[in-house]
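Asks: One structure, pasted below without further comment.
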Amino acid sequence: MTVGAYLADSFVRAHIRKKPLAERREVGEACAMDDVGIAIREARPQDAPALAGVYIRSWHDTYAGILPTQLLCAMTADGQTARWRATIGARGRERVLVAEQAPVGVVGMTSCGPARDSAGHYDGEVYTLYVDPDYFGCGIGRALLAAAFVELGRRGHSSCIIWAHARNPARFFYEAMGGRLIAHRQVRMMGDIVPEAAFGWSRLTLARRAAH
């Protein structure tokens, strides 16, 4: 199945309920409004400003008190827009997908490609996966990860690794999606040591949803 065909499938056309950020309690909380549709597609260069917004808001929401304030404040809309426009336009190793809700626009994003680290001998990697904080807990993360797995499979990969900050709450999401904790490492960000954890999927398959 091609990624285009898969993205048209109902599995990736999540139905979400949006709740204002001020009322959101935690990741996984049920949302408050009526269901609205969301589609996942390949990113286009004109999506870059929206991608930058999602990326920066997600970092500020997730990493406040975890990463140095200096690092978070150094992220600019212009800088991130240029980064994502270049990445999308290059159509190289890193492919970018977006979650889009009409008429709001881009509310999530992911990028993937060949594994950059040999830990566990996983051949594919999801480099980024971010959802606008207003849309946490609505199924978009799962849909994006599923789409990334399809894209990796289309490009000849059979497994996947994701590196995340060891204190990033997303680690629990990755475990719920079937990722197995396989490695730890330390990297430097603006001179500070940052602990990271790796989650691996030996097959490009998500864990089944729990029965209700």
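The values are calculated or read from the model by the stated rules, or taken from the named source; none is laboratory data. Just so we're clear, the structure is a prediction, and the values are computed from it rather than from any experiment. Here Cβ is always computed from backbone atoms with ideal geometry, including for glycine, and neighbour counts include all displayed protein chains.
Asks: Taking only the range 92-103 into account, find how many residues are surrounded by 14 or more Cβ atoms within 10 Å (Cβ to Cβ) and either touching a residue at least 40 places away in the same chain (Cβ under 8 Å) or under 16 Å from the mean Cα position of the chain (by Cα) (or both).
Replies: First, pick out the residues of the range 92-103 that are surrounded by 14 or more Cβ atoms within 10 Å (Cβ to Cβ): 93-101.
Checking the rest, the ones that are also either touching a residue at least 40 places away in the same chain (Cβ under 8 Å) or under 16 Å from the mean Cα position of the chain (by Cα) (or both) come to 94-101.
Of the residues in the range 92-103, 8 are surrounded by 14 or more Cβ atoms within 10 Å (Cβ to Cβ) and either touching a residue at least 40 places away in the same chain (Cβ under 8 Å) or under 16 Å from the mean Cα position of the chain (by Cα) (or both).
Asks: Just give me the residues in the range 72-90 being surrounded by fewer than 19 Cβ atoms within 10 Å (Cβ to Cβ), over 23 Å from residue 134 (Cβ atoms) and either among the β-branched types (Val, Ile, Thr) or at pLDDT below 85 (or both), in sequence order.
Replies: Result: 74, single match.
Asks: Shifting gears a bit: Report whether or not residue 89 is over 20 Å from residue 58 (Cβ atoms), over 18 Å from the mean Cα position of the chain (by Cα) and not in a loop (DSSP other than H, G, I, E, B). Walk me through how you get there before you give the answer.
Replies: On the way: over 20 Å from residue 58 (Cβ atoms): yes; over 18 Å from the mean Cα position of the chain (by Cα): yes; not in a loop (DSSP other than H, G, I, E, B): yes.
Yes; evaluated as a whole, the condition is true for this residue.
Asks: Do the conditions hold for residue 207, that is, is it at pLDDT 85 or above, farther than 18 Å from residue 55 by Cα and outside any loop (DSSP other than H, G, I, E, B)?
Replies: Values: at pLDDT 85 or above: yes; farther than 18 Å from residue 55 by Cα: yes; outside any loop (DSSP other than H, G, I, E, B): no.
The answer is no for residue 207.
Residues are listed down the side, and each one gets a yes or a no for (1) aliphatic (A, V, I, L, M); (2) buried (at least 19 other Cβ atoms within 10 Å of the Cβ); (3) at pLDDT below 85:
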site	(1), (2), (3)
8	yes, no, yes
13	no, no, yes
39	yes, no, no
46	no, no, no
55	no, yes, no
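Asks: What about residue 174, is it closer than 21 Å to residue 113 by Cβ and in a strand (DSSP E or B)? Even if it seems obvious, please write down each step before you answer.
Replies: On the way: closer than 21 Å to residue 113 by Cβ: yes; in a strand (DSSP E or B): no.
Considered against the rule, which asks whether it is closer than 21 Å to residue 113 by Cβ and in a strand (DSSP E or B), residue 174 comes out as no.
Asks: Do we find a residue being among the β-branched types (Val, Ile, Thr) and under 27 Å from residue 105 (Cβ atoms) anywhere in the range 173-184?
Replies: From the range 173-184, those among the β-branched types (Val, Ile, Thr) are 182; that's our starting set.
Still in the running and under 27 Å from residue 105 (Cβ atoms): none.
No; the residues of the range 173-184 include none that is among the β-branched types (Val, Ile, Thr) and under 27 Å from residue 105 (Cβ atoms).
Asks: Consider residue 142 carefully, then state whether it is in a helix (DSSP H, G or I), more than 25 Å from residue 205 (Cα to Cα), in contact (Cβ under 8 Å) with a residue 12 or more places away in the chain and not small (Gly, Ala, Ser). Give the derivation first.
Replies: On the way: in a helix (DSSP H, G or I): yes; more than 25 Å from residue 205 (Cα to Cα): no; in contact (Cβ under 8 Å) with a residue 12 or more places away in the chain: yes; not small (Gly, Ala, Ser): yes.
No; evaluated as a whole, the condition is false for this residue.
Asks: State yes or no: is residue 110 part of a helix (DSSP H, G or I) and either modelled with pLDDT under 90 or closer than 22 Å to residue 162 by Cα (or both)?
Replies: In short, no.
Asks: Looking only at residues that are under 24 Å from residue 53 (Cα atoms) and basic (Lys, Arg) in the range 130-173, which one is surrounded by the fewest Cβ atoms within 10 Å (Cβ to Cβ)?
Replies: Looking at the filtered set, the residue picked out is 167.
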